[in-house]
1. How much length would be gained if the chain were fully extended between residue 426 and residue 3, taking 0.36 nm per residue of separation minus their Cα-Cα distance, in nm to one decimal?
2. If you rank 232, 457 by fewest surrounding Cβ atoms within 10 Å, what's the result?
3. Please rank 285, 104, fewest neighbouring Cβ atoms within 10 Å first, as an exposure proxy.
4. A 32 angstrom limit on the alpha carbon distance is what I want to check against. Which of 66/440; 81/127; 77/111 exceed it?
5. Can you work out ³J(HN,Hα) from phi for every residue in the range 355-365, in order, using Karplus 6.51 cos²θ - 1.76 cosθ + 1.60 and θ = phi - 60°, giving whole Hz and x for Gly and Pro?
6. Please arrange 497, 367, 456 by how many other C-beta atoms lie within 10 Å of their C-beta, fewest to most.
Amino acid sequence: MDLLVSVIKRELNKYTSPEEVIRRGFRTIRKVPQHIREVDRSSYEPIVLSIGPYHHGTQALLHMEKEKWKSLDFILKLNCKRSIQDYLKVTAELERQARNCYSEEIKMERKQFIQMLLLDVCFILVKIDGSVITAMHDLNKYGRSAAQEVNDDTTVQETGASLRPVNSDATYVRSLSAKSMNQHEEFVLEMGLCNEGVSSSTAGRNNVPSDEKPTSPCDSYIMGDWYSISAWHDLFLLENQIPFFVIDRIYRFVMDDITIDTSPAEKTSECVEDILRHFPIAIEETERPTQFHHFLHLCHMYLRPSQKTGEIEEDPIRPGLTLQDNKRIVSKLACCLVAGVKQLSTMKLRHALLDIKFSNGVLEVPCIPIDENTESLFKNLIAFEQADPRFGNDITAYIVFLSQLVSTPEDVILLTDHGIIVHMLDSDDEVSALFTRLTKQVSFGSDDYYYLNSLCWMLEVHYQSRPNRWLAWLWRNHFSNPWLALAVLAAVIMLLCTIIQTIFTVLAYIKPPEA
């Protein structure tokens, strides 16, 4: 019994220690629960690229490891003052803090974890920085002979937020020599950071097989749209993240003492803005986020409402509305809200995707583009919110709201006609089914607050007005089709003419004209 007591106390101390409490605050990269993953594994698991430890080593993703080694090779060429030892040392300093960012225990050995971080960061740096890609092409295009390289000086030219090797950068290119590369290989092998089965002659050469011609790092960026789209898809998965502070630190280390006009955070924000360019974004260039945990978190920040609709002070006589109340209200109002042109409009001013407004009987909903990647993106954003309440529930509330508005293909057609939905799926049925799938396994507390609470309350008040309901019914049943509208108008005119004729007939009978 004493032994059991000792074990329990030890476990309690382990999970309630101050260090553990601090670590909980760092945990921003979580795994999707198994029962949710089983519903749609493809939305949560990478297609071509593993980033971070959760999917590291997956057989189907091993091909991309070669691309990461190419990116590391290029980063080493960007700053000849830094050796592979320097990069490993900096990455090792961040290892413990990086591990604390993952909710699951990472069982990878220290050396393997450090290697993974360094390779992933190098790949991301090359991926997000367009000027780095330009430098790749320049290096490939203007590479010079070894005889010239030996006698030249090292010159590095600053290009925006990255370094570009210029034509006189001979010593820099000289780092490609066998001697320099072998030094890197020996150190990497000594540290045990190479994959098993990789010989010393190939470890520093991006793991290119002996029968394969060595290629430039930029070759990985001309593999076509499929590769590019799949890679970006994978970078926005909840389980496929690394802490941004690691990227930031290594980026600044590469830059050395060069003045940086654009910070790594700003460069990443530019990149995410480009990826989300089809979505309404309210954040101005001068207001770009600089504090975020990872790529998905940054995406979440861009899509959130620019102004909380629900931040209006609660009316004392207005009851609080839960998500279930809102779903009931929106479902009940769906036929009314999508009844005609006056109920829907696309927003004209700069706004965020989640900026939904209702005023004077007009529901303003920003345009949402939908393609084959939309489901995965929003499922991961919802999982991000569901896994950590610190990040709110705005995306989830928005998706639930829309799912009630587009519960049928006919609703999708109407919203599409009004420019609120623009989709590239095969049919309107697929759009409706997509929103139904997005709301599966979504759970909320009964007392949770949602940014659309006030809006749903205004919709309820509007719906309770009988004239509004009658007008909506009339519009839906008689004015949705132009020919029906003309028929109704003709009937009204005939009715008015009949009434006028009847009035004149009665007046003539009551007071006949004098002879």
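1. Between residue 426 and residue 3, full extension yields an extra 145.9 nm.
2. 232, 457
3. 285, 104
4. 66/440
5. 7, 9, 10, 9, 8, 6, x, 10, 9, 9, 10
6. By the 10 Å Cβ count, ascending, the order reads 497, 367, 456.
Laboratory data are not the source of any read-out in this text; all were calculated from the coordinates shown. Just so it is clear, the structure is predicted and the values come from calculations on it, not from any experiment. Counting neighbours? That spans all protein chains shown, and the Cβs are built from the backbone with ideal geometry, glycine included.
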